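In what follows, a single structure is set out as structure tokens and then discussed.
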Number of protein chains: 2
Amino acid sequence: MLAVSSTPFVLWERLQESASSLIMASSGYAGGNFMKSKKVTILDVAQLANVTKSTVSRVVNDSPLVNDKTKQRVWKAIEELGYTPNRTARSLALGKTNVIGFVVSEQQISDVVSNPFFPTVLKGITTVANREGYNILLLSLSGQDIKSYREIIQRHTVDGFLILGGPSNPKLGSDLDKLKVPYVFIGKHDPAAEHSYVSTDNEEGGYIAGKHLIELGHSEIRFMVGEVKGSLLSHNIERIAGFKRAFDEAGMTFAEHLVVKVPTDIESGYHFMKSYLAKDRPSGLILSNEVTSMTCLNLLIDEGIAVPEEMSIVSFGDAQFFRNTRPSLTTVSQSVEWLGKTAMELLLQRISGEVSYPSPIVRKPEIVLRGSTKKMR
Amino acid sequence: MLAVSSTPFVLWERLQESASSLIMASSGYAGGNFMKSKKVTILDVAQLANVTKSTVSRVVNDSPLVNDKTKQRVWKAIEELGYTPNRTARSLALGKTNVIGFVVSEQQISDVVSNPFFPTVLKGITTVANREGYNILLLSLSGQDIKSYREIIQRHTVDGFLILGGPSNPKLGSDLDKLKVPYVFIGKHDPAAEHSYVSTDNEEGGYIAGKHLIELGHSEIRFMVGEVKGSLLSHNIERIAGFKRAFDEAGMTFAEHLVVKVPTDIESGYHFMKSYLAKDRPSGLILSNEVTSMTCLNLLIDEGIAVPEEMSIVSFGDAQFFRNTRPSLTTVSQSVEWLGKTAMELLLQRISGEVSYPSPIVRKPEIVLRGSTKKMR
DNA sequence: TTGTAGGCGTTATCAG
DNA sequence: CTGATAACGCCTACAA
């Protein structure tokens, strides 16, 4: 269980119970003394209940040291006025916002449209956030930039960061550590550095994918990875290492040209693959993400290349997603929602101080077998 | 152009320019007097620069009434200390947060995984938000509940709401109006009420879809719409009205059974359609959203039903999305990204007071012809 | 052009 | 158990 204080939500729950009176009070107020619905503060409540702000504050925060009689009186006043505590003021006083910054590079937010990774991880995050009373603030930064993080954390806008993995500055982690800013990387497995991150074991994933195809008797295997500005994402570099390990283990020789870099946007990716497959027709294909996979699948359909008869396909990504493609794909499962959930939970632990040391969580990937891979005849 | 004040960002820009010194200062500080990197406030800057808080505040907000010399001194101090204004404090003083609440029902956030509508509209929103210096706070509510909105707006957490259309309380709009809360509905076309919303003309969309199939000579046409808790979403009710109009206009008789309600989740939707098509095999099908369409497409592939030879398909949704399905689908285009952008722009205008009256923006849908529809022989 | 002082709405620390 | 009172960090008349 997370040791997050639940006091701020007591009020909420109470208000829920008294729906009708609340609505009445509010509209009565709006049409009454004030044209521009003046906001009711803790002071208004205090006066109406004949107590001081302090007492109201205690009631609202469910402090035990307040008389039941007074408590009732205060609650009545609260409901009558339709009072809701001002979060901003509370944040200022407490130095805590109950908001998590979800950092997504602009590149990623652009890809978002077609890439199911983002919404899936977001679902995981919000699930936990809602449960624990946190909100998610969407932050799209230029990414690499330590200064931006610094800015934002100092503005005291958020209690911590969730950073969607990607090609970010390698020094970012230690910089954030230095600033004592709670953060967790999502999907950025960095065995070299001792940072906070949640990820699947990409090296292992690459290994599993390669091994699977090798065991099925394929020898002409290509690993197609997305290329961002001419270079590879770190998780893909690891997967390639695992892919190579599978070759080594099988006594097969690995070569550079087995790894094919493809553009990540659908349009150019499609054309690239089309011309690639015209020259080189492997029997096994590994695809590094959802977009690339969909693009490739479309191409195979358009070209009339049968899966798995003519070509076996293994994809990296969310297993659920690839269940609903046609054909459905054998996939090295990423558990993207788990990624989001776990990252959020870890972050909350760091914020509450339960965990202060760097705490990577790495999950072994599994391969989900479906109809897209087949034994070589 | 939007009349949003740009003052809060002056500081940001300046800091960007002096990257190196900033980093140095910050780490120097952290390792210096304070173990727990004490936050530097406007007061620290004031003292170092030998002025008062007021002056620093003016400098930071780029006020013209401050001497150039002092201005320089203050900036120097700011950079030396790595000062960043505290957003929470500023919000409290100003009564403005520069944050927009993006309200998504829990239902929607759950569907998110497979539904490209959400991320696409989000992209539109963040594009404008980033440009105008706003951040997006993700709010997932139980949806219908006016009390929740009231709560959140009163907590002064956001400057306005973007509400993702759906089965929300019909009174919600007027309730929000009463509370003088800036808001814009996205995708909720409600000709009856005079509220703020951005939408495509759903009635027209339904009409176009129906007309298209009728003109191709189809007479056995079904409209498959998602069913949420046994009832239809408002936009679908409108589309059905348009669909009916197309029938009326063609002198064909419309009947209830032409509208088929299907479960919105992939699993049960698939099974439902499967048993439905076993009994009733129309020649033309209209599908109301991305998920339903994908589900249906998968079924058709699995059952070996050829599109468009045996069945013509028209889908509602993002045109770009349906370009990348196989087969690609003739679609009544929603311009989902436009929806997000426009909604955000409208909301900002309402916040700044440029637009105070209810201001619906409705866009006529277009039909994008692709290979999934074909003349009846 | 700059400084002073009060306020924004809450919470926390002391007294009583 | 309850009430003053001082933070929290910034903004903004009003003075000087």
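Every number here is computed from the coordinates shown, using simple stated rules; none is lab data. Just so we're clear, the structure is a prediction, and the values are computed from it rather than from any experiment. Don't worry about glycine lacking a Cβ; one is built from the backbone with ideal geometry, like all the others, and counts go over all protein chains shown.
Averaging 1/r over each pair of different alpha-carbon atoms in the range A:239-361 and inverting the result gives 16.8 Å, the Kirkwood hydrodynamic radius. Between this copy and the others, label points of A:GLU249 are 6.3 nm apart in ascending order, each placed 7 angstrom from Cα in the Cβ direction.
Go ahead and collect, in residue order, the members of the range B:307-346 whose backbone nitrogen is under 18 Å from a label point 7 Å along the Cα-Cβ direction of B:ARG377. Only B:307-313 pass the distance filter. Listed by chain and number, the aspartates and glutamates whose alpha-carbon sits under 17 Å from that of B:LYS71, ignoring those within fewer than 8 places in the same chain, are B:GLU13, B:GLU17, B:ASP44, B:ASP62, B:GLU79, B:GLU80. Remark: mean inter-chain Cβ contacts per residue of B:265-271 equal 1, using a 10 Å Cβ-Cβ cutoff to other protein chain atoms. When the Cα positions of A:MET252, A:LEU213, A:ASN236 are compared along the charge dipole of the range A:210-258, A:ASN236 comes out farthest toward the positive end, with charges on each C-beta of Lys, Arg, Asp and Glu. With its label point defined 7 Å out from Cα along the Cα-to-Cβ axis, B:ASP177 lies at 5.7 nm from the matching points of the other copies, in increasing order.
For the range A:42-94, the Cβ-based charge dipole about the Cα centre amounts to some 120 debye (Lys, Arg positive; Asp, Glu negative; other atoms uncharged). With r as the distance between the Cβ atoms of A:GLU220 and B:GLU249 and R0 = 51 Å, compute the FRET efficiency 1/(1 + (r/R0)^6) and round to 0.05. Rounded to the nearest 0.05, the efficiency is 0.30. Scalar couplings 3J(HN,Hα) for the range A:246-261, obtained by applying the Karplus form with A = 6.51, B = -1.76, C = 1.60 to θ = phi - 60°, are 4, 5, 4, 4, 7, x, 9, 8, 8, 9, 3, 6, 6, 9, 10, 8 Hz; x denotes Gly and Pro. Subtracting the Cα-Cα distance of B:ALA241 and B:THR52 from their residue separation scaled by 0.36 nm leaves 61.5 nm. Around the amide H of B:SER333, modelled in the peptide plane, lie the amide H atoms of B:GLU366, B:ILE367, B:VAL368, all under 5 Å away and 5 or more residues distant in sequence or on another chain.
Shown in residue order for the range A:309-322 are the 3J(HN,Hα) couplings computed by the Karplus curve 6.51 cos²θ - 1.76 cosθ + 1.60 at θ = phi - 60°: 4, 9, 8, 9, 10, 10, 10, 8, x, 6, 4, 4, 4, 6 Hz (x for Gly and Pro). For peptide A:326-334, the mean count of partner chain Cβ atoms within 10 Å of a residue's Cβ comes to 1.
Per residue of peptide A:85-95, the mean number of Cβ atoms on other chains within 10 Å of the residue Cβ is 6. Near B:VAL355, the amide H atoms lying under 5 Å from its own belong to B:ARG350; only residues 5 or more places off or on other chains count, and H is placed 1.01 Å from N. The calculated FRET efficiency for B:LYS180 paired with B:ASP62, based on their beta-carbon distance and R0 = 30 Å, is about 0.50. Strictly over 29 Å apart at the Cα level, which of B:LYS274/B:LYS364; A:LYS123/A:LYS188; A:LYS53/A:LYS147; A:LYS96/A:LYS178; A:LYS274/A:LYS374 would you flag in this model? Those over the limit are B:LYS274/B:LYS364; A:LYS53/A:LYS147.
Three principal axis extents describe the C-alpha atoms of the range B:299-346; from largest down they are 46, 15, 14 Å. Provide the FRET efficiency to the nearest 0.05 for the A:ARG281-A:GLU256 pair, computing r from the beta carbons and using R0 = 25 Å. My answer for the efficiency is 0.85. Scalar couplings 3J(HN,Hα) for the range A:332-344, obtained by applying the Karplus form with A = 6.51, B = -1.76, C = 1.60 to θ = phi - 60°, are 7, 6, 9, 6, 4, 5, 4, 3, x, 4, 5, 4, 5 Hz; x denotes Gly and Pro. Distant-in-sequence amide contacts of A:PHE223, defined by a placed amide H-H separation under 5 Å and a gap of 5 or more residues or a different chain, comprise A:VAL259, A:VAL260, A:ILE286. Arranged from fewest to most other beta-carbon atoms within 10 Å of their beta carbon, B:LYS180, A:LYS178, B:LYS123, A:LYS279 become A:LYS279, B:LYS180, A:LYS178, B:LYS123. Rg to Rh ratio, the range A:42-94, alpha-carbon atoms and Kirkwood radius? Taking Rg over the Kirkwood Rh, I get 0.95.
Modelled this way, with points 7 Å down the Cα-to-C-beta line, the labels at B:ASP265 and B:ARG323 are 3.4 nm from one another.
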